[in-house]
Structures are given as structure tokens and as C-alpha cells.
1. Among the numbered criteria (1) within 14 Å of chain A (Cβ to nearest Cβ); (2) free of Cβ contacts under 8 Å to residues at least 40 places away in the same chain, which single criterion is violated by residue B:58?
2. Given the structure, is residue B:38 free of Cβ contacts under 8 Å to residues at least 40 places away in the same chain and surrounded by 14 or more Cβ atoms within 10 Å (Cβ to Cβ)?
3. State the number of residues belonging to the stretch A:71-83 that are closer than 19 Å to residue A:8 by Cβ and more than 14 Å from every other protein chain (Cβ to nearest Cβ).
4. Residue B:92 fails exactly one of the following numbered conditions: (1) in contact with a strand residue (DSSP E or B) (Cβ under 8 Å, 6 or more places away or on another chain); (2) surrounded by fewer than 20 Cβ atoms within 10 Å (Cβ to Cβ); (3) within 14 Å of chain A (Cβ to nearest Cβ). What is the number of that condition?
5. Answer yes or no: is there a residue in the stretch A:37-46 that is away from chain B (no Cβ under 14 Å) and either farther than 22 Å from residue B:45 by Cα or at pLDDT 90 or above (or both).
6. In the stretch A:88-117, which residue that is away from chain B (no Cβ under 14 Å) and surrounded by 19 or more Cβ atoms within 10 Å (Cβ to Cβ) is nearest to residue A:26 (Cα to Cα)?
7. Tell me whether the stretch B:33-48 contains one or more residues that are part of a strand (DSSP E or B) and touching a helix residue (DSSP H, G or I) at 6+ places or on another chain (Cβ under 8 Å).
8. Could you grab me the full set of residues in the stretch A:3-31 that are under 15 Å from the mean Cα position of the chain (by Cα) and under 17 Å from residue A:78 (Cβ atoms)?
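The values are calculated or read from the model by the stated rules, or taken from the named source; none is laboratory data. Because the structure is predicted, anything quoted here is derived from the model rather than measured. Here the Cβ positions follow ideal geometry from the backbone for every residue, glycine too, while neighbour counts run over all protein chains shown.
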């Protein structure tokens, strides 16, 4: 079956512009996660959705970052007034079950490479 | 705060060798530990997931062990092949007792298998 898909695959933007990154999880997966991978850094957890709600937003680096999920499916990560330090690969993952339950293995998408000039 | 460290950061070995990748974590109150592989320009592929109550998991030529009390995990790759070349990531999920959070990742081991 289809895996997690993300769009766009690459995004180049100018400092100060807003960007939207999209994630389509595996059909039927209830949990969805966003991570960021910066050059030379490890993968950093940003936010997690169970259904349409986000019980854990602790990883969002600033109030310029927001995310939503609609219909228990597609999620959008929005970065407002982008800065150069926002340049990174943004990865989305989904799992069949919520964290801590059987079936919580996360499956990752290919990522969106964001470059802020 | 949970911190995950992977050693070595990079490794280059001839084809056919057996090798061990190491992962350590600072908070032993974990729910599970997962090993991933990441190929250039691609997402992560889950290799093995070890629940906190388990000691090891095996899949083909891969074997992962977990010693929760000492905060360590190893990934053993037998009879390495050039196709094993990738970055290997270790990640732990904290035991949150009803709460929920994402995975905490190490920075990875970049593995090159020489033909």
C-alpha cells in the first residue's frame, strides 16, 4: 500500500515569507508526527497528533511554527516569517496506534527539504 | 531531558565483516527503542523495535539488543554487504504513563561497506 507522502519535496523561500508543508499519512493511521533534521543535528521532535488534536506541542521551536490536522488524515506544518535557521529537512511519520500502544511503530515519509535564503 | 548518543559517528569496513553499532541513552525510563536506517535523500526505514520488557530482536542479518538498566543498545549486522551502506539511527520513546511524545533520536552512525 501507499506509504507516507510529503509535499513539496523541496522548497526554497526567502527570509520572512510563510511556508506550508503537507503530510499525507498512511490510510487508517491515527497518530501523526512531525520532526526536523537540521544539518549536523539529529532528528528533533516537533509535534504529535492523535486524530485531529495535538496533545504534545512541546517540540515546536517558536510561536512562528504551527500545525494542524484535519479529518484525522492530512496535516499541514506552517512556518511564518521564515528565518535562515529554519532551513532543514522536515519529516512526517504516522503510526497505526497512539504512542505506548501495540502498533505504534512509526513509518516515515521522504521529507521536505526547506531552504530559507 | 533524554539524550541519545551513538558511537561511532562513522564507520567504514570491508564487505563481509560483522559489525556492531552502539547507542546509549541517559534516561532508562523508556517505553521502547527503535533502530532506523536512512538512505540519502530518503526517509527513515524502521529496522527493529525493542519493547522495554524485551532483551533483543532479530530480523535477518540484524540483531538488536537492549540493556535498559545500563542505558545501552547495540545493533549487530552480520556478513555486511555494500547495500547496508546508510546512516543508522537509534531512537527511544520515553515511558510517559498516559502522556504521549515523539521519539528522541541519536545523531546516527554513517556506515560505509566497501565492496
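1. Failed condition: (1).
2. Taking the combined requirement at face value, the residue does not satisfy it.
3. Qualifying residue count for the region: 7.
4. (2)
5. No, every residue in the stretch A:37-46 fails to be away from chain B (no Cβ under 14 Å) and either farther than 22 Å from residue B:45 by Cα or at pLDDT 90 or above (or both).
6. A:114
7. Checking the stretch B:33-48: not a single residue is part of a strand (DSSP E or B) and touching a helix residue (DSSP H, G or I) at 6+ places or on another chain (Cβ under 8 Å).
8. If the condition is that a residue be under 15 Å from the mean Cα position of the chain (by Cα) and under 17 Å from residue A:78 (Cβ atoms), then A:6, A:7, A:8, A:11, A:19, A:20, A:21, A:22, A:23, A:24 are the ones that fit.
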